[in-house]
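Report on the following structure.
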Amino acid sequence: MDHDSSIAHIIAILREEVARSHPGARLTSSRELMRRHNVSPVTVSRAIAQLTAEGRIVTKPGSGAFAAHPPRKSSDPPDFSWQTVALGDRVVDETPVTALLSPAPEQAVALTGGYLPPGLRPDKQLAAAAARAVRRPNAWAMPPLTGLAELRRWFATQAGGDVTAADALIVSGGQSALTHAFRSLAAPGTQVLVETPTYPGALAAAKAAGLRATAVPIDRDGVRPDLLAEAFAVTGARVFLCQPTLQNPTGATLSAERREQVLQVARAAGAFVVEDDYARYFTDQAPPPMVSMDTHGTVVYICSLTKILSPSARVAAVVARGPAAHRLRANQLVESFFVARPLQETVLDFVGSPGWTRHLASVRAEILLRRDTLAAELAARVPAAELHLVPKGGAHLWVHLPAEIDENALVEAARRHGVLVGAGRMYYPSEPPGPRLRLTHLAAANLPELAEGVRRLAQAVHESA
C-alpha cells in the first residue's frame, strides 16, 4: 500500500468510526491505529489533520482525538440567544426613527418626514459649493478637531449673545448632537426631563445613553415653567431638553418671558437646558435663542443645518461653556474624531454665499403656502381633526382626533389608502392624552399631492370612525 492510499485508508476508517460515535466520543488512539493497520505515525497524523480540517474530529493535545459535533446545516438558523443575557435590558427601539426616515412606497403620499423634498433642496448650489470646496488646498487634510474656525464663528453668530467661536463644536448633525449632549451631561441611570410630546429621536437617544425620560407637559405656548420646576424637584434631574422654537411636533414657540422663566428654573435646580434649535431656519419670526440670554453656562445649544439643506448635509454645532464644553469635546473626539473636512468646507461655502439667503426666502415662503394649504384641506375634508395651533413656520401640524378614534387603526387605514401619517403615540415618553397625528406638509412633492394626501386621509378617517 503506497503512502497516499494508506492515508486515504485511515481517513475512511476514522470517518466510519465518527459516524458510529456520538459527538464528543473518544476515537481510537493513534498508537492503536498504527498497530492495527501497520502504518507510520506520519500517515495517521495526516489523516487526522484532514478530518480535523473537515470539522469531523477535534484533537486535544495529550488526550487524543474526539468526534466533533456535526456541522450546522446551512438551512438551520444560527442560535444567537446567548447574546440576550450578555446584552442586558438596555433595549433601544429604533422603530419611530426608522419610520421617520424611511422613504414612502411608490404611489403613496407622504404626510410624514422631516427633510426638504427634492424640489426645495438646494442640490445644484450644494454641488457647486462642494466642487469649490474639494479644490481648495488641504481640502482632504484633517480639520481642526473642534471644526473649521470659520464655520464655528458662523454658528456662534447664529447663536447670538456673547457666544464665540471657541464655544462651538462641529458635530455630525442634530441627532449626533443630542446623543453627545445626553452622554456628556447626564450619568447613565439618571433622569432627563423632556417636553411632552417631543421628538422621538430624542427619546431614542436618551434611552441609548441609559437615561430615563420624564415628561413635562406643554401648552400652546410651549413648556410650562411651573411644571418644569416641579419636575426638577421631584426627579432630581439635571438636564432638560427643550425645543423653544417651533417645537416638534406641536409647533409651539416659547415667548421671551417664558424663556427667561425656564432659565431661572434650571439655574435654581443647578441643571442644564439642552436647547435644540432645529427649526430656526424654517421661519423668519424666530426669537433669539435662549443661549443668547444665558450668562451662567446653563444652556447647551444645538443648531443643525441638515433639515434646511439636505439629509446628507450632516453638519451641526453644539455650543457650551465651562466643564460641560470640555466633556462634549472629549465625547466627540473618542467617538468619531471629527466631521469630514470636505463636508464642513461645502457647508461653509454655501452659507457664506448669496444663494443661502435666497434659499431661506424660498423655503420660508413655500412653508407658509403649504401650511395654509394643509390647514384648509383638513378643515374641508377632515372637520373632526382639531389643530393644536397654526405655527409661525416649521414643517408640521399637530392634530387632535376625536377620543373614539383608534390611532393605530387609523394609521394603518391611511397606509392602505396610500397616505403615510405620523402616529402621535411615538411622541410621548409616557401615556398620551388621546389620539394624535403629526402631519408634515413639506414631505409632499407639491401642493396637488398635498391635497391628495388629505383626501386619502379623509377616507381613512371615515373608515375608522
Practice item. Take every Cα pair under 8 Å in the chain that's 6+ residues apart, average their separations, divide by the length, and report that relative contact order as a whole percent. Key: 19
Point to revise | Residues W398, W154, sorted so that the one with the fewest Cβ neighbours within 10 Å comes first | key: W154, W398
Exercise for review: Kindly work out what percent of the DSSP beta bridges joining two residues of the chain are antiparallel, to the nearest 5.
Suggested key: 55
Point to revise | the range 3-67: projected area of the alpha-carbon convex hull, averaged over directions, in nm² | key: 3.9
Check your understanding: In whole Hz, what ³J(HN,Hα) sequence does the range 272-281 give by Karplus (6.51, -1.76, 1.60; θ = phi - 60°), x for Gly and Pro?
Key -> 9, 10, 8, 8, 8, 9, 5, 10, 4, 8
Check your understanding: Got a sec? How would V300, V363, V42 order by Cβ neighbour count within 10 Å, fewest to most?
Key -> V42, V363, V300
Revision key, fill the gap. CD proxy, 222 nm, the chain: helix-only mean residue ellipticity via -39,500 (n - 2.57) per DSSP H run with n ≥ 4, per residue, nearest 500, stands at -14000 deg cm²/dmol
Revision key, fill the gap. For the range 201-299, the Cα-Cα pair-distance distribution in 10 Å bins from 0, as whole percents, is 15, 51, 32, 3
Review point. Where does the Debye-calculated log10 I(q)/I(0) of the chain sit at q = 0.07, 0.09, 0.11 Å⁻¹, using only Cα point scatterers of equal weight, no solvent?
Key: -0.50, -0.67, -0.87
Point to revise | For the range 103-224, diffusion coefficient by Stokes-Einstein and Kirkwood Rh (Cα), 37 °C, 0.692 mPa s, µm²/s | key: 180
Point to revise | Residues with amide H under 5 Å from that of A68, placed H, sequence gap 5 or more | key: G24, I57, V58
Exercise for review: Find the eigenvalues of the gyration tensor of the Cα atoms of the range 267-386, then list the square roots of 5 times those eigenvalues as equivalent ellipsoid semi-axes, largest first, in whole angstrom.
Suggested key: 32, 22, 14
Check your understanding: Taking the Cα centre of each part, how many Å lie between the range 300-361 and the range 103-181?
Key -> 5
**Study point:** Taking all pairs of distinct alpha-carbon atoms in the range 129-352, Kirkwood radius in angstrom
**Key:** 17.5
Review point. Near the amide H of V274, under 5 Å away, which other amide H atoms are found, from residues 5 or more places off or on another chain, if H is placed in the peptide plane?
Key: F240, L241, C242, V300
**Study point:** Per-residue HN-Hα couplings for the range 317-332 [Karplus 6.51, -1.76, 1.60; θ = phi - 60°; Hz; x = Gly/Pro]
**Key:** 10, 10, 9, 8, 9, x, x, 4, 4, 4, 5, 4, 5, 5, 4, 4
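None of the figures in this text is laboratory data; all of them are computed from the coordinates on show. The structure presented is a predicted model; accordingly, all values stated were derived computationally and were not measured. Every residue, glycine as well, gets a Cβ built from its backbone with ideal geometry; the counts of neighbours run over all protein chains shown.
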